[in-house]
Every structure is written in C-alpha cells, then in structure tokens.
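Down below is the structure, laid out as structure tokens.
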Amino acid sequence: MEIRTRFAPSPTGHLHIGGLRSALFSYLWAKHNNGKFFLRIEDTDRSRYVEGAVEGIKKSLLWAGISWDEDIIFQSERLDLYQKAANKLLEEEKAYRCFCSESRLERVRKLREQNKLPSGYDRKCRNLTKEEIDEHIANGDPYVIRLKVPLEGETICNDLLRGEIRFDNSTLEDIVLIKSDGFPTYHMAHVIDDNDMKITHVTRGEEWISSMPVHVILFNMFGFDLPVYVHLPVVLGESGKKLSKRDGASSVAEFIEAGYLPEAIINYLALLGWSYDDQTQIFDMKKLIELFDISKVSKASAVFSYEKLDWYNGYYIRNLSLEKFYEKALPYFIKANYVNESPTPQEEQYIKKILPQIQDRIFKLSDIISYCKFFFKSPENYNKEDFIDKGRDLQRSKEILEKVLPVLENSEFSEKDLEENLRIFIEKENLKVKDCFMPIRVAICGSRFSPGLFETLSIIGKDETIKRIKNALSQL
Ligand code: GLU
C-alpha cells in the first residue's frame, strides 16, 4: 500500500513553527515509505482568509526543504464535491437542514451556559417535518446542513500514538457540515478530501482529538475506509502555553528573518517530539527520511527551546563553506547598511575576511548586524566602564594606549606581525596580556567583545586602528 500523507494548513496567516513541524513529520513519514506527500490549502473559511498567506506557506515549506507531490489542492475549488456529499447524507437522512437564525443560536448558547449544560446546538431542526422543511425552503430561509450524530452508544477512535479513545455519543454535537454560504466546514471538507486523496495517515495537531469521533462517524456514514490518525502534540513556549509571539519568534517567516538556517530548523524540529536514540543529535533531511518512524513520536507536548535551536544553528553556521556563508550572510550586511545591494569586489573581499572570524561566534545570521558593526563604523562614544572593567585603572589604560601607538605605527599589520610586536611590547612594559589587549580592543570595537585581537586589527587596517585609538584617547 502506498503511504500518502498531507499537510493541510488554513491560509489564515503566517505558518507557525509548530505547523512546520507537523508538515515535516507528515513529509518524513511519506518519504520514509517512498510514498507521497500532498499540500492541501483549507481555504473554506472566507472570513479568516488572509491575502498572501498561501504564498507564505509555500515559501516557508520550500525554504525548509519540504516539497509536495502533484498539484496543490485548494478546497475552495472543490465546493461541488462537498455539496454532493452533503446532499447524499440529506437523502439518506444522516444529515439535516437547520434553519435556526444566528440570534436563536446565541440565545440557546446563553441558556445552556446558564443551565450548566454542555455547549452545543439543541437539535431543534433535527426532526422537522417534510412540510416544515419545504416551507422554509419556499420562503428562501438560509440554512446550514448538520450531521445527525447517533444519540446513544459510543464511538471508538484510534490514534496511533494514544491507542483507543472512546467517546460517549450522547456528548457529541450535531456539527455543521455545510455553512449557509455553501462552504463546507473543516469537518466535512477534510473527510471528503482525505478519502478522495487516498490519505493513509492523517497527521494533525492534537487540538483535533475531541472532533475525532464526529470525523469517524462521517467516514463510516460515507462508507469510507478510515485513515490512521496521528495527533501531534502542540509546541509549547516556556510558559506552558502554545508557542507564540510572547515567547519570541513563532512564525517560520520570523525564524527565516532572524537568520536561522533551514538545516538547523529541520534538525531541531525533528527532535522536538521524536528521537532516534538518546545520543544522535545531528540529522540532515536525508538521514531523517531514512530513520523517521511516526509511531515513535512522543505524545507529550514539547517545549520549544530557543537556546537549543541556537546551538543547532551555530553548529550549521560553523559548517558552511566560506562561499555559502558569504551568500547567506550578505543580506544581513546589506540590511545593516554596511554595504549596499551590490558590493564592490573590495567590499566582498573585506566581508570574506570578517566571516571566518565570526563563524564560530554567532548563533544566527542576524547577529551579524550588531556583532560586525565595528568592522564598518568607528565607535562614536566610549563607555569608560569598559576600560576600567575588572579593576583596571583608567589612567593606566590611557598610558598603555599612548605607548602602543608607535608600536602599531611600525607594524605591517599582518596577524603574525601584530602578534609579534604586541607580545614584545607586553614583555618590555611588563604588562599582563589582558591589561594591554583590553583597552586596545575597546578602543577599536567600542566594546569588550570582539574576535581575536590580531585578526580584528589586521582586518580593520593600520590607518583605521590608529585613528580609533587616538579618538579614544581624546575622549578619555
Ligand atoms: N486546516 C486544519 C488546521 O489548520 C488542518 C487540520 C488537519 O491537518 O486536518 O488546523
């Protein structure tokens, strides 16, 4: 049997990172089995439709290396299919037209709430006579089509990760299948589509577990084979609630913008709820496809750790070749206005000298913006505290800077030459390495942090180094 999975987002905004994880798991399971993975856009809720969302979803998936088989399916183009299916249920009296107005439904809702009854529709229209129905239709009264759920007994559902889950039918609602605008609800459309697309595994968020019984009832009413259900646990923020803006980046677009590499995101997301063994940490897509097993996904919610993701991203950044790193980093140098859209060959060369110095120091590409500023702009104001950090004496720091100036003026400014000259200077002046290097570093970079000092000075160059030290001295 061909394994067929799908990712079925609603185009209501940016793709959430948890959505990308669902897509990844579906994709991996299909590919692991040499099966097919489909993208289906569930765009039947016109009130929540967001312009551009489909493009964003496609872009995010492709960025992550997840591509779909065959054409994308848009539910809004298949309304006939759902309507036909609903008509069949009406004919068989497995569904019914409900003419209740919004205001009546609202009254019912309030009343049920006051009487502490479970929320839901009171089934007023479930037993209308043929005459009553005809009259409503003749009047042109708008209606929805509702499912006639069995009132007794129970519905037994199966989830691959959780096993059997039993639902008492008396707790189920006569859900709406077709809305008054003729569009199907999610419940209806996805059942028709999953059957029509011969989906074998329905992998979706666990928020759908409570709707599973009505879905199973629908599958059975249509006489369709049931798919395997795999309800994936939500991705939580540190607060214990679904990861959201409050926690930091939450949409794939934001992670892309911040400069995470797709390899890092995929590796991290795969391990957010799945593991191969307790040791292996590094997986590329090929390896994931080879090893992924959907039945090993944990049913416990996973807490998203930005720190862990940063670790992965740092790892993949370190593994980039200089050319690749340049290609990925350049947009951030441009964004920060350090170079313009098409850098000159000299600028390209300059950036390529910087990159190896920062490669094992940054976690995301956007760190470039703050981390590399001093390579392009001289510090404007100095913070005296930086010069007297760890009990250093300001006067002494100034003296050191004054004394080191001629040493630097006489250096050729290769890394090697700088190192030799500065080491001799330290020895001659009987200084501690840090007491000498720190004031120079602060004068050059405007902060206590930078890549290796000799490398940094060599990249910045002699003129700029001297200029900055003099500027610092005049300010101290
Ligand atoms: N459109 C649904 C959602 O975005 C899809 C759920 C499913 O995969 O069946 O939650």
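The values are calculated or read from the model by the stated rules, or taken from the named source; none is laboratory data. Quick caveat, the model's predicted, so the values are computed rather than measured. Here the Cβ is made from the backbone with ideal geometry for all residues, glycine too, and neighbour counts use every protein chain on show. These area figures cover heavy atoms from the full protein model, side chains too; ligands, DNA and RNA do not enter into them. Shrake-Rupley method; radii C 1.70, N 1.55, O 1.52, S 1.80 Å.
There is at least one residue in the range 206-227 that is away from the ligand (no atom under 15 Å from the Cβ), touching a Lys or Arg at 6+ places or on another chain (Cβ under 7 Å) and hydrophobic (A, V, I, L, M, F, W, C).
Only residues that are assigned to a helix (DSSP H, G or I), open to solvent by 70 Å² or more (accessible area, probe 1.4 Å) and not acidic (Asp, Glu) were counted in the range 332-387, giving 8. For the range 427-435, the criterion of being modelled with pLDDT of 95 or more, surrounded by 14 or more Cβ atoms within 10 Å (Cβ to Cβ), in contact with a helix residue (DSSP H, G or I) (Cβ under 9 Å, 6 or more places away or on another chain) and farther than 18 Å from Tyr371 by Cβ is met by no residue. Counting only helices (runs of 4 or more DSSP H) wholly contained in the range 2-115, the ones carrying 1 or more residues that are closer than 30 Å to Ala258 by Cβ occupy 17-32, 53-63.
Out of the residues in the range 294-319 that are of a type in the set (D, E, K, R) and open to solvent by 40 Å² or more (accessible area, probe 1.4 Å), state the one that is nearest to Leu261 (Cα to Cα). By that ranking, first place goes to Arg318.
Answer with yes or no whether Ala86 is buried (at least 18 other Cβ atoms within 10 Å of the Cβ), over 25 Å from the mean Cα position of the chain (by Cα) and either more than 13 Å from the ligand (Cβ to nearest atom) or at pLDDT below 95 (or both). Considered against the rule, which asks whether it is buried (at least 18 other Cβ atoms within 10 Å of the Cβ), over 25 Å from the mean Cα position of the chain (by Cα) and either more than 13 Å from the ligand (Cβ to nearest atom) or at pLDDT below 95 (or both), Ala86 comes out as yes.
Per-residue answers, yes or no, for (1) hydroxyl-bearing (Ser, Thr, Tyr); (2) more than 13 Å from Gly446 (Cα to Cα):
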{"position": "Glu348", "(1), (2)": "no, yes"}
{"position": "Lys352", "(1), (2)": "no, yes"}
{"position": "Asp360", "(1), (2)": "no, yes"}
{"position": "Asn381", "(1), (2)": "no, no"}
{"position": "Ser414", "(1), (2)": "yes, yes"}
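Figure legend. Inter-residue proximity from the range 320-346: first residues closer than 17 Å to Ala258 by Cα, second residues outside any helix (DSSP H, G or I) and open to solvent by 90 Å² or more (accessible area, probe 1.4 Å), beta-carbon distance below 8 Å, spacing 6+ or different chains. Indicated pairs: Ile334/Asn340; Ile334/Glu341.
Beta carbons closer than 8 Å, at least 6 apart along the sequence or on distinct chains, pair a first residue in the range 394-419 that is at positive phi with a second that is in a helix (DSSP H, G or I) and open to solvent by 50 Å² or more (accessible area, probe 1.4 Å) for Phe413/Lys462. Residues considered: Ser210, Ser180. Of these, the only one that is part of a helix (DSSP H, G or I) and open to solvent by 70 Å² or more (accessible area, probe 1.4 Å) is Ser210. Residues that are within 39 Å of the chain's Cα centre (by Cα) and among the polar types (S, T, N, Q) within the range 104-128 comprise just one, Ser119.
Scanning the range 183-205 for residues that are assigned to a loop (DSSP other than H, G, I, E, B), away from the ligand (no atom under 13 Å from the Cβ) and not hydrophobic (A, V, I, L, M, F, W, C) returns Lys198, Thr200.
Return the residue satisfying two criteria in turn: it lies in the range 35-54 and is under 19 Å from Val252 (Cβ atoms) and away from the ligand (no atom under 14 Å from the Cβ), and of such residues it is most open to solvent (accessible area, probe 1.4 Å). For the range 35-54, the residue satisfying everything is Glu51. Of the residues contained in the range 62-77, none is found to be surrounded by fewer than 17 Cβ atoms within 10 Å (Cβ to Cβ), over 29 Å from the mean Cα position of the chain (by Cα) and under 21 Å from Asn195 (Cα atoms). Screening Ile17 against (1) at negative phi; (2) within 11 Å of the ligand (Cβ to nearest atom); (3) not basic (Lys, Arg) leaves a single unmet condition, (2).
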